[in-house]
1. Which value results for Rg/Rh of the chain when Rg is the Cα radius of gyration and Rh the Kirkwood radius based on the inverse mean 1/r?
2. Multiply the residue gap between T141 and S45 by 0.36 nm, knock off their C-alpha separation, and tell me the result in nm, one decimal place.
3. Calculate the spin-label point distance for A161 paired with Q178, positioning each point 7 Å from the Cα along the beta-carbon direction, and give it in nanometres.
4. What residue among D49, D102, D165 has the largest mean-square fluctuation in a Gaussian network model of the chain, using Cα springs under 10 Å?
Amino acid sequence: MFNGKLIILSAPSGAGKTTIVKKILERCKNELAFSISATSRTKRSNEIDGKDYYFLSESDFKCKVSNNEFIEWEEVYKDLFYGTLKSEVEKIWKNNQHVIFDIDVKGGLNLKQQFNSNALAIFIKPPSEEILKQRLINRNTESDENLTIRLNKVTEELTFAPQFDVIIVNDTLEQAIQEVELAIKQFIGNQ
Ligand code: 5GP
């Protein structure tokens, strides 16, 4: 029987993990599928409901929490909820694919604890805290208020890195992608 695995990519906001996940999915589209999370945050103009996230109202999100529909969920920023639906992961495994996650550091470690050797937890680290903050500012996706909230969280998030299986520094994007791909292929191949 197919033994579905979890590939977890976590990083502070702005470290480049979403870009890396997208590139990895292009290169490994047969083996891997993206876990679309549910969130209560508002959709950005470049995002598609049901592709980037399942965008839910806060009350719908909380209803799913009470119904025990999440494998993990976090209030990543104050009053903004993000979570992985059990149904999403089961659907992907049924399709004989491994699941790749783009989730926050606490959610990533939560999944690692639940699934142990069936999960590979990768931390994407920026070359420095300063560079990360500059990238986040340049990305220009957030309001000033949200930007400040994200910047303030970076220092705390970086302290979680040593708890991950693999740390990959995103200095040059192409090299980081190659290193992530190699780590994933070794993990999938070795088990
Ligand atoms: P963003 O608002 O920039 O899309 O995401 C904010 C943070 O929430 C990112 O670190 C992202 O990886 C994380 N995130 C996205 N989906 C999930 C999820 O299902 N669970 C958890 N715990 N974090 C998530």
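1. Using Cα coordinates only, the ratio equals 0.94.
2. Net length gain for the segment: 33.6 nm.
3. Reported label-point gap for Q178 and A161 is 2.1 nm.
4. The residue that fluctuates most here is D49.
A short reminder: the numbers here are calculations on the coordinates, not readings from a lab. Only a predicted model underlies this, so the values are computations on that prediction, with no experimental measurement involved. Glycine gets a Cβ as well: all are built from the backbone with ideal geometry, and neighbour counts include every protein chain shown.
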